[in-house]
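The values are calculated or read from the model by the stated rules, or taken from the named source; none is laboratory data. Since this is a predicted model, take the numbers as computed values, not measurements. Here the Cβ positions follow ideal geometry from the backbone for every residue, glycine too, while neighbour counts run over all protein chains shown. Ligands, DNA and RNA are stripped out before the accessible areas are found, and what is left, the full protein with its side chains, is counted by its heavy atoms. Shrake-Rupley method; radii C 1.70, N 1.55, O 1.52, S 1.80 Å.
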Amino acid sequence: MPTDKRSGHLRLKQSLVLRDALAAELGLDLPKAMSQLYNVEDNIGATRALDEGRYAQALASLYKGDPDRLAGLDEAVRQACGKAKFSPRYAQYLALLMFAHWHEAQREDSMAFLNRLNDWLEAHKPKPESLEPFTGEDLQFAAFWMATAAGKTHVLQACLALLDNDDWDRVFIITPSESLTRQHAEKLRELGQWEVFAYPFDGEMTALKHLEPDAVIIIDINKLGDTKKGDGLTVATSAFQEGRNLV
């Protein structure tokens, strides 16, 4: 795989451009959308704002696209949050709405979606700074830039629910440490929505062949390597190269 020689700052700017491009796809002015959603949450709280569809109503006055599209995305987000037992704050709701659009647009026509993103990038990228066009590989990654204690675990679980209907061969959560592997496993099991396998606590990796395709496998990154090392806990990533994996 070629090394990405762009600076971290430039890669971050490219990621934020994707955020702006997605907002443009949805016909939303981000600052105004954030302000509208904040006012709704501030007045009635996050739970009512989601359950009563008030977040979507607030965006409808700003939305310049197909109303049915917005309604469909809102319904997908509401169902996912219900499965994750999570009432998103206004910024989390908007992030999930954009994620749902990113996902649906690829399912509908990934090449057309890629072309639209690059057309927007060409028209809006900063001058004279050059940002490389998005590629099909770029569409395989989604990231949420959130502060500490901003609810990343809840958003992750809602994203898992949004992606539930896809045909995955395996679903992974990669954590920084064993303690966070335990924590994510406990949180998911509390929801009772997914089969969970936390390595190494729940057994050897040979057990994977007995799991359902939608089971969530949780492993810390320190356990992964190019090859298995002796009798230790290292898992060779080559074991997962085949198939369609959600990580």
Exercise. Please tell me if residue 153 is open to solvent by 20 Å² or more (accessible area, probe 1.4 Å), hydroxyl-bearing (Ser, Thr, Tyr) and without any contact (Cβ under 8 Å) to a residue 24 or more places away in the chain.
Key: no
Quiz item: Can you name every residue in the range 169-200 that is under 11 Å from residue 216 (Cβ atoms) and of a type in the set (Lys, Arg)?
Solution: 170, 187, 189
Quiz item: in contact (Cβ under 8 Å) with a residue 24 or more places away in the chain, over 30 Å from residue 195 (Cα atoms) and among the aliphatic types (A, V, I, L, M), is that true of residue 59?
Solution: yes
Practice problem: Looking only at the range 47-56, count how many residues are touching a residue at least 24 places away in the same chain (Cβ under 8 Å) and surrounded by fewer than 20 Cβ atoms within 10 Å (Cβ to Cβ). | Solution: 3
Exercise. Sort through 132, 178, 137, 195 and tell me the only one that's without any contact (Cβ under 8 Å) to a residue 12 or more places away in the chain and not polar (S, T, N, Q).
Key: 137
Self-check item: Residue count for the range 127-145, restricted to those that are open to solvent by less than 50 Å² (accessible area, probe 1.4 Å) and modelled with pLDDT under 85
Solution: 1
Exercise. Note down all Cβ pairs under 6 Å where the first residue falls in the range 62-83 and is in contact (Cβ under 8 Å) with a residue 24 or more places away in the chain, the second is assigned to a helix (DSSP H, G or I) and open to solvent by 40 Å² or more (accessible area, probe 1.4 Å), and they're at least six residues apart or on different chains.
Key: 62/32
